[in-house]
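Here is the structure we will look at.
The values are calculated or read from the model by the stated rules, or taken from the named source; none is laboratory data. Not measured: the values here are computed from a predicted model. Counting neighbours? That spans all protein chains shown, and the Cβs are built from the backbone with ideal geometry, glycine included.
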Amino acid sequence: MNHDSVNRDASLDIRLADGSWYAVCDPASLTPGRGVAALLPDGRQVAVFLDRAGRPYALSNRDPFSGAYVLSRGLTGSHEGRPFVASPLLKQRFELATGRCLDDEEIAVQAYEARVRVRVRAEAPAEVRDAERTPERVPAVP
């Protein structure tokens, strides 16, 4: 296949409360292990992350201990095999998959289901396109 005729694009999507998916960014713009803040249609902020294996995560960007919207700027790590982000202010750790605070079991931030969606569009080779445009000659019946 001629790769010039293939068009790919991707998005990191978050599932909203109504069950729909909302594209927040191009995953190619993310650095694994570092977060970015994104704005949802209802005005809420989310912190979006890709781990080193390319798995996406999304949490509320609001640190419940300080009230500041800073979790997207936190440091990521792993505790007992579970990835987390540590708040850049007071250093509490929040599990990326669940939002649960690893330092205070009473506290959690909202976690969102996240996915990387890739769309691929391929154009048919020129000879196929030409064949589709050329009417087939059917012999006349006497």
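Numbers for the structure displayed
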{"quantity": "Glu136 vs. criteria loosely packed, with under 10 Cβ neighbours inside 10 Å, modelled with pLDDT of 80 or more and assigned to a loop (DSSP other than H, G, I, E, B)", "calculated": "no"}
{"quantity": "Matching entry among Ala114, Ala122 (being modelled with pLDDT under 90, among the hydrophobic types (A, V, I, L, M, F, W, C) and surrounded by 12 or more Cβ atoms within 10 Å (Cβ to Cβ))", "calculated": "Ala122"}
{"quantity": "Subset of segment 1-32 [in a loop (DSSP other than H, G, I, E, B) and modelled with pLDDT of 90 or more]", "calculated": "Leu16, Ala17, Asp18, Gly19, Ser20, Asp26, Leu30, Thr31, Pro32"}
{"quantity": "Scope segment 78-107; condition closer than 23 Å to Cys25 by Cα and within 19 Å of the chain's Cα centre (by Cα); matching residues", "calculated": "Pro83, Phe84, Val85, Phe94, Glu95, Leu96, Ala97, Thr98, Gly99"}
{"quantity": "Residue tally, condition surrounded by fewer than 17 Cβ atoms within 10 Å (Cβ to Cβ) and either under 17 Å from Tyr112 (Cβ atoms) or among the acidic types (Asp, Glu) (or both), over segment 83-99", "calculated": "2"}
{"quantity": "Test set (1) surrounded by fewer than 18 Cβ atoms within 10 Å (Cβ to Cβ); (2) touching a Pro at 6+ places or on another chain (Cβ under 9 Å); (3) more than 30 Å from Arg121 (Cα to Cα) - Gly74 fails condition number", "calculated": "(1)"}
{"quantity": "Within segment 40-77, considering residues that are among the hydroxyl-bearing types (Ser, Thr, Tyr) and assigned to a strand (DSSP E or B), the one farthest from the chain's Cα centre (by Cα)", "calculated": "Tyr69"}
{"quantity": "Every pair of residues 6+ apart whose Cβ atoms lie under 8 Å, when the first sits in segment 44-66 and is touching a residue at least 12 places away in the same chain (Cβ under 8 Å) while the second is part of a loop (DSSP other than H, G, I, E, B) and among the hydroxyl-bearing types (Ser, Thr, Tyr)", "calculated": "Leu50/Thr31; Asp63/Ser87; Phe65/Ser87; Ser66/Ser87"}
